[in-house]
Amino acid sequence: MQSPINSGNVSSDNLSSKRDNLTFGFPVFLLSESIIFVSFFVTYTLLRWKNPNWFPAGVTGLDIPRAAINTAILVASSGVIYLAERAIDRHKPIRFRRLWLLTAALGMIFLVGQAIEWRNMPFGLDAGLAGATFYLLTGFHGLHVLTGVILLLYMYFRSLIPGNYNAGHQGVSAVSLYWHFVDVIWIILFLLLYIW
């Protein structure tokens, strides 16, 4: 007899195995991403520490107010995705979808804000260590935000499939964990690049 939570030829053992793989594999993936970012943070810190005249001539610092607004948008998106996860836990798919899309929209607003900041920067990628590290760090993070927005939209469209989350919503939890990871990385970048 087929389980009511599965369709097709998927056995409950196979479904459980996939859930276990996601539960173990995704945090391992995030750990590997963390190692990459930590190596960037350490490199940036050492370079900046050894170079007292960090910014190019005529530049005294970065646009902290604009970056703070962008930071607030990204941190707010973490709160929204948390509420979306709670909605799906409570079997409220409409609320989940609205909050999930709002999270994606906030991510896109962050990316637009980042693009505007890049366009108005008083120095370019070729402005020595300051330019190279700034654009590398913010660009690499921006790529992760873009990936997060794509994952958010993918999971949104999956939520439109009737009964898709009857057997659990580990994919939603994984994307949410990824989004929180991206937010924490940005907070560290904000402190390193803008405040220090």
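The values are calculated or read from the model by the stated rules, or taken from the named source; none is laboratory data. Predicted model only: the values in this text are computed from it and were never measured. FYI the Cβ positions are ideal-geometry reconstructions off the backbone, even for glycines, and counts take in every protein chain you see. Remember, those area values only see protein heavy atoms, side chains included, never the ligands or the DNA or RNA. Shrake-Rupley method; radii C 1.70, N 1.55, O 1.52, S 1.80 Å.
How would you rank 138-147, 100-109, highest first, on the average number of other Cβ atoms within 10 Å across their residues?
100-109, 138-147
Order of 167-174, 27-34, 91-98 by packing, highest average Cβ count within 10 Å first?
Answer by packing, highest mean first, reads 167-174, 91-98, 27-34.
For the chain, with only Lys/Arg (+1) and Asp/Glu (-1) charged at the beta-carbon, what is the dipole magnitude about the Cα centre, in debye rounded to 20?
Charge dipole of the chain: 440 debye, to the nearest 20.
Starting from the Cα gyration tensor of segment 111-169, multiply each eigenvalue by 5, take the square root, and state the resulting semi-axes largest first in whole Å.
Calculated on Cα positions only, the semi-axes equal 38, 11, 5 Å.
Which order do you get for Ile161, Ile185 if you rank them by accessible area with a 1.4 Å probe, largest at the top?
Descending order: Ile161, Ile185.
Would you mind counting up the charge near Leu146? Only other residues with Cβ under 15 Å from its Cβ, with Lys and Arg at +1 and Asp and Glu at -1.
Spelling it out: positives minus negatives among the neighbours equals -2.
What number do you get for segment 69-131 when its Cα radius of gyration is normalised by 2.2 N^0.38 Å, N = residues?
Details: Rg = 16.4 Å, N = 63, 2.2 N^0.38 = 10.6 Å.
Relative to the rule-of-thumb radius for its length, segment 69-131 sits at 1.55.
Would you mind classifying segment 81-196 by shape? Square roots of the alpha carbon gyration tensor eigenvalues, ordered a ≥ b ≥ c; an a/c under 1.5 is rounded, otherwise it is prolate if a/b is larger than b/c and oblate if not.
Note, shape of segment 81-196 comes out prolate.
Roughly what angle does helix 170-189 make with the longest principal axis of the chain, taking Cα atoms, 0 to 90 degrees, to the nearest 10?
10
Suppose accessible area is computed on protein heavy atoms with a 1.4 Å probe; arrange Leu160, Leu193 from highest to lowest.
Numbers: Leu160 85, Leu193 5 Å².
The ordering from most to least exposed comes out as Leu160, Leu193.
Just to make sure I understand: if all protein chains stay in place, what is the order of Asp183, Asp126, Asp89, Asp63 by accessible area at 1.4 Å, largest first?
Final ranking, largest accessible area leading: Asp126, Asp89, Asp63, Asp183.
What is the angle, in °, between the Cα long axis of helix 128-159 and the longest principal axis of the Cα atoms in the chain? Nearest 10 is fine, range 0 to 90.
Orientation of helix 128-159: about 20 degrees from the principal axis.
How far is helix 93-119 tilted off the main Cα axis of the chain, in degrees rounded to 10, range 0 to 90?
In the chain, helix 93-119 runs at an angle near 20 degrees to the longest axis.
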